[in-house]
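What follows is a single structure, written as structure tokens, with notes after it.
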Ligand code: SD4
């Protein structure tokens, strides 16, 4: 089975070995200020899907939806979309949000049996008078909008859940995916994506299956505007990954954007938001991962994490597959 790490190696090799199609590279020239950034190493693939939209002169909002859909369809991702790990009752529930730089936004939380929660979130934004729908109501709305209802949990995820039931211990791991714990016990990692298009508009998307083995009905930060995602064309955009309860407590993505509004660089804003998380819960911060990724309206990008190991993918006309290490408060990798 392809892991994220082998996918990355393959994609890096592939990018080096293959020339970009002509139409693709010449369109990229037209959108030289366009940029897309994403959390984690699977962000490289998601950025690739988003870049196709941006390079053709498309809108940031369409780009982030395309990128998030790529991650949701990734058959190997146990933390996003239909291959995600379930909750403690064995039920897969998905959270997603989308936001445009002009303040339009939509989200779904605890959505069951519907593929591509990011597109349902966009439908909430564009086709309902609301911002957020949850649970059975979100599913009902999705079906009314033409989304197919289907059982999403994969045999692999069900097997991981049966393994987990042997101890049934809810113990979030720092960078569980990257640590490659035996038995694939990943229980977090979210795709957070921010894009700037050639017209200077920002947009963001955030999609996840949330913390594995969570209580049924638990909602994380990812679908909560201001916690897992915030975008403002006047300033910039921010997204988060890690233990969502900490982002919600601190309205953290909104905090990062507001710090940028006060003049901080994206990296400084992410750093200060991490400091706020630590200040609120110093003891808990020793064992939980929290990561922020931000981009300002000029396309400057920054990130900061609580613990070492957070990586983020950056894609623009100059380079499509950059993967960068974030700085962190704790500088030795912990598992
Ligand atoms: C959540 N923030 O549901 C998500 C999970 C995550 O890295 O991003 N983990 O709390």
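The values are calculated or read from the model by the stated rules, or taken from the named source; none is laboratory data. As the structure is a computational prediction, the values presented were derived from the model and not from experiment. Note that each Cβ is placed from the backbone with ideal geometry, even for glycine, and that neighbours are counted across all protein chains shown.
Annotations
- Residues located in region 281-308, provided they are part of a loop (DSSP other than H, G, I, E, B) and buried (at least 22 other Cβ atoms within 10 Å of the Cβ): 289
- Residue within region 71-86 that is over 20 Å from residue 149 (Cα atoms), touching a strand residue (DSSP E or B) at 6+ places or on another chain (Cβ under 6 Å) and surrounded by fewer than 24 Cβ atoms within 10 Å (Cβ to Cβ) present: no
- Looking only at residues in region 200-214 that are out of contact with any helix residue (DSSP H, G or I) (no Cβ under 7 Å at 6 or more places or on another chain) and either part of a strand (DSSP E or B) or away from the ligand (no atom under 12 Å from the Cβ) (or both), the one that is farthest from residue 175 (Cα to Cα) is 200.
Residues checked against (1) under 28 Å from residue 296 (Cα atoms); (2) modelled with pLDDT of 95 or more; (3) assigned to a helix (DSSP H, G or I):
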position: 76; (1), (2), (3): no, no, no
position: 91; (1), (2), (3): no, yes, no
position: 110; (1), (2), (3): no, yes, no
position: 119; (1), (2), (3): yes, yes, yes
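- Screening residue 218 with (1) within 14 Å of the ligand (Cβ to nearest atom); (2) over 16 Å from residue 94 (Cα atoms); (3) assigned to a loop (DSSP other than H, G, I, E, B) gives one miss only, at (2).
- Every residue from region 39-61 that is touching a residue at least 40 places away in the same chain (Cβ under 8 Å) and away from the ligand (no atom under 16 Å from the Cβ): 44, 47, 48, 50, 51, 54, 55, 57, 58, 59, 60, 61
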